[in-house]
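Take a look at the structure set out below.
The values are calculated or read from the model by the stated rules, or taken from the named source; none is laboratory data. Keep in mind that this is a model prediction, so the values were computed, not measured. Here the Cβ positions follow ideal geometry from the backbone for every residue, glycine too, while neighbour counts run over all protein chains shown.
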Amino acid sequence: MNLRDLQYLVALAEHRHFGRAADACFVSQPTLSTQIKKLEDELGVPLVERTPRKVLLTEVGRDIATRARDVLNEIEQIRGVARRTLDPESGTVRLGIFPTLGPYLLPHALPLVRAAFPRLELLLVEEKTEVVLRLLREGKLDAGILALPLHEESLHTEFLFEEPFLLAVSGEHPLAHKQGQLKLADLSSQNLLLLEDGHCLRDQALEVCHMAGAGEHAGFRATSLETLRQMVAANVGITLLPVTAVKRPVAPVANLHLIEFKGHPPSRRIAMVWRKSSAMAGFLQRLAAIFQRLPPDLLDAHTAATSPVTEIKSAVKRRTASR
């Protein structure tokens, strides 16, 4: 048994197809099939059920593939230790981040990372939270930037920042005049537009709805924050937007009014996480410190809120257009 055979088995477990697994391993299909058969002969147990349409692993095959994945991950950790010893600030970091944060945070954070670690290759993977967690467990990511709380005992959690929410309404909505005076209680009779299942922002917004006594707008679930933004501007409903999602370089949307909450606003807590067993833990701690040094204005809800002057001009334009 060698590492190459374990790589073949893990690829087969992931792709469940000899051809696709062979492509992923950069070998021919007959080569991969032959090595899998040799591994079965060596272990004395069947690992694969070969059917006309797809490949299924036996129960023992699935168990061995899981353990093989752990072995390969540990081997990569050993290589990582060696690379970091030679040059702690070079090499590659595979970082996962969820879609309602990545496009808005990274334009501000990446220049800081490049300045601090110019030789670092940062590979970014944008996926929903559950996918990022799975890829972390499988060793396919080195770290992730996710929203708290997380319930993963195997992961170290490094808090980065707290991000406030703004209420997004159209200029015609009754809450558009509540700038700076908005309270959670004002949402008690409202139904909010939310994202589809799987987005952590949906869960965070539902938690705010629960605290405020608000509900979800029936019959509509958006696939992205941009869709939510446009639906609100069209006066279909209202929603909560994280402050980074409305700061430059994000372009403003006409008739979209951002209302700041009075006092301590609803918010989400963002952290960087990595496996407690990671050989890169020391460097990841330093990388997390970069994300903790974001420009203060980026997380300031007050500077993102629609100003009263803008609201007055918008109202005048609407009245003029209606004549």
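One table, with the values for the structure above:
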quantity	calculated
Condition check for HIS151: surrounded by fewer than 21 Cβ atoms within 10 Å (Cβ to Cβ), of a type outside the set (A, V, I, L, M, F, W, C) and more than 22 Å from MET280 (Cβ to Cβ)	yes
Qualifying residue in the stretch 79-94 (condition: of a type outside the set (Ser, Thr, Tyr), modelled with pLDDT of 90 or more and either within 25 Å of GLN292 (Cα to Cα) or under 21 Å from the mean Cα position of the chain (by Cα) (or both))	yes
Criterion: aliphatic (A, V, I, L, M), within 30 Å of ARG67 (Cβ to Cβ) and either in contact with a Leu (Cβ under 9 Å, 6 or more places away or on another chain) or not in a strand (DSSP E or B) (or both) - qualifying residue of VAL93, VAL169	VAL93
Residue match in the stretch 99-107 (condition: within 28 Å of LEU240 (Cα to Cα), touching an Asp or Glu at 6+ places or on another chain (Cβ under 6 Å) and outside the structural domain of ARG229 (by TED's automatic domain parsing))	yes
Conditions (1) free of Cβ contacts under 8 Å to residues at least 40 places away in the same chain; (2) assigned to a helix (DSSP H, G or I); (3) assigned by TED's automatic domain parsing to the domain that holds ALA143: number failed by ALA11	(3)
Whichever residue in the stretch 207-221 is of a type in the set (A, V, I, L, M) and not in a loop (DSSP other than H, G, I, E, B) and, among such residues, is surrounded by the fewest Cβ atoms within 10 Å (Cβ to Cβ)	ALA218
Of all residues in the stretch 176-205 being part of a helix (DSSP H, G or I) and surrounded by fewer than 17 Cβ atoms within 10 Å (Cβ to Cβ), the one that is farthest from the chain's Cα centre (by Cα)	HIS177
Residue within the stretch 153-164 that is touching a strand residue (DSSP E or B) at 6+ places or on another chain (Cβ under 7 Å) and in a helix (DSSP H, G or I) present	no
Residues (outside any loop (DSSP other than H, G, I, E, B) and either in contact (Cβ under 8 Å) with a residue 12 or more places away in the chain or surrounded by 19 or more Cβ atoms within 10 Å (Cβ to Cβ) (or both)) located in the stretch 222-236	ALA222, LEU225, LEU228, ARG229, GLN230, MET231, VAL232, ALA233
Options VAL236, VAL253: the member that is of a type in the set (A, V, I, L, M, F, W, C), in the same structural domain as MET211 (by TED's automatic domain parsing), touching a helix residue (DSSP H, G or I) at 6+ places or on another chain (Cβ under 6 Å) and over 30 Å from VAL81 (Cα atoms)	VAL253
The stretch 109-148, subset of a type in the set (Asp, Glu) and in a strand (DSSP E or B), residue surrounded by the fewest Cβ atoms within 10 Å (Cβ to Cβ)	GLU121
Single residue of the stretch 251-290 satisfying the filter (touching an Asp or Glu at 6+ places or on another chain (Cβ under 9 Å) and in a helix (DSSP H, G or I)) that is farthest from LEU160 (Cα to Cα)	PHE283
Close pairs from the stretch 291-316: first farther than 17 Å from LEU105 by Cβ, partner among the hydroxyl-bearing types (Ser, Thr, Tyr) and at pLDDT 55 or above, Cβ under 9 Å, at least 6 apart	SER314/THR306
Only listed residue being of a type in the set (Gly, Ala, Ser), under 21 Å from GLY102 (Cβ atoms) and at pLDDT 90 or above, chosen from ALA185, ALA168	ALA168
Test: residue in the stretch 50-73 that is without any contact (Cβ under 8 Å) to a residue 40 or more places away in the chain, among the aliphatic types (A, V, I, L, M) and assigned to a loop (DSSP other than H, G, I, E, B)	no
Members of the stretch 14-45 that are of a type in the set (Gly, Ala, Ser), over 16 Å from LEU72 (Cβ atoms) and not in a loop (DSSP other than H, G, I, E, B)	GLY19, ALA22, SER33
